[in-house]
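One structure below.
Each value in this text was obtained by applying a stated rule to the coordinates, not by laboratory testing. On a predicted model such as this, the values are computed, not experimentally measured, just so you know. With ideal geometry, Cβ positions are generated from the backbone for all residues, glycine too; neighbour counts draw on all protein chains shown.
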Amino acid sequence: MENSPDRHDQPTIDDVERELRRAQAEDLRARVAEREAMEANLPTRVDEPASPLPYLGATAITSVAVVAGVVFAGLPALLSAQVALAFLALAMIFKRADDIPTDHPNALLRWVGDRVDRLGDKFGVELYGLVALTTFLRAEVQSLSSSAVTLAEILASPVAGIIQWFVSELIESIMNVIWAAMWWLPLFTNLSWELGVAVIAAAWAVLWILDVPEREAGEV
C-alpha cells in the first residue's frame, strides 16, 4: 500500500489567506516606499510672498475716495467709511483667495481657492458681484440689529418667538438679496449721476490695483 500524503503537510485555507495578506502588505509597503522616494526627489515648492503694494494702493484709493466724498460731495462720513471699508475688505479677501494656486500644499487654502473660483464662475467676484455682496452684508447687519421681533417677545413665548424671528429674518434676507442685486438703483437715485459714476470708478480702481499681480503673472 502506497504512502498517502499527510494532511498536516497540505496548506489550509487559513495558511493561504495569511500568505495572501502578507503578499499584499509587502506590495503596499513597496509602493509606499517607491512613492516616498519619488516625492523626496521632487523640488521643494517655494511660494513667493504676496506683495503688499497692491493692498496699500487699494487702501490709499479707498481713503482718498472717502475723504473726497465727505469733504467735497457732502456724503455722510460714517456711512461712507462703513461701505468703503467693507468693500475694500471683501475685495482684498476674494482677490487674495482667487490667487491661491490649485496645487498649493495647504489643503485648506486649496479648498478656499476652489470655492472662490466656483463662486466667481457662478455669481462673479468682480465689480458688480462685490458691490452686491457688500450691499447685502450691510443690509443683513441692519436687519439683525433692528429685528421686528423683540427679545421680550421671544422670552415671553420662546418657541413662537423664535419661529416668528426666523420667518421675519428669512423674508428680510430674501428682500436684501433682491435689493443687493439692484445696488445701482439707490446709488443713482440718492446721488447725482456724476457722483454715482465717481463712486463706481473708485471701486473699479480698487479692483484694478488688486489685479496687478495676476496681470503681471499672465505677462510672464
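Between Leu108 and Thr12, what is the spin-label point distance in nm, taking each point 7 Å from the Cα along the Cα→C-beta axis?
5.2 nm
What shape does segment 96-172 have by the C-alpha gyration tensor, where a ≥ b ≥ c are the square roots of the eigenvalues, rounded means a/c under 1.5, and otherwise prolate means a/b greater than b/c and oblate the rest?
prolate
Determine the gain in length on full extension of the stretch Ala37-Ala148; use 0.36 nm per residue of separation and subtract their C-alpha separation, reporting nm with one decimal.
Contour length minus the Cα-Cα distance gives 33.6 nm.
Please compute the modelled spin-label separation between Leu170 and Asn190, points set 7 Å along Cα→Cβ, answer in nm with one decimal.
If labels sit at Asn190 and Leu170, their model points lie 2.9 nm apart.
Report the FRET efficiency, 1/(1 + (r/R0)^6), for Ala89 and Val197, where r is their Cβ-Cβ distance and R0 is 25 Å, rounded to 0.05.
Once the sixth-power term is evaluated, E becomes 0.60.
To two decimal places, what compactness ratio does segment 53-219 give when its Cα radius of gyration is scaled by 2.2 N^0.38 Å?
1.24
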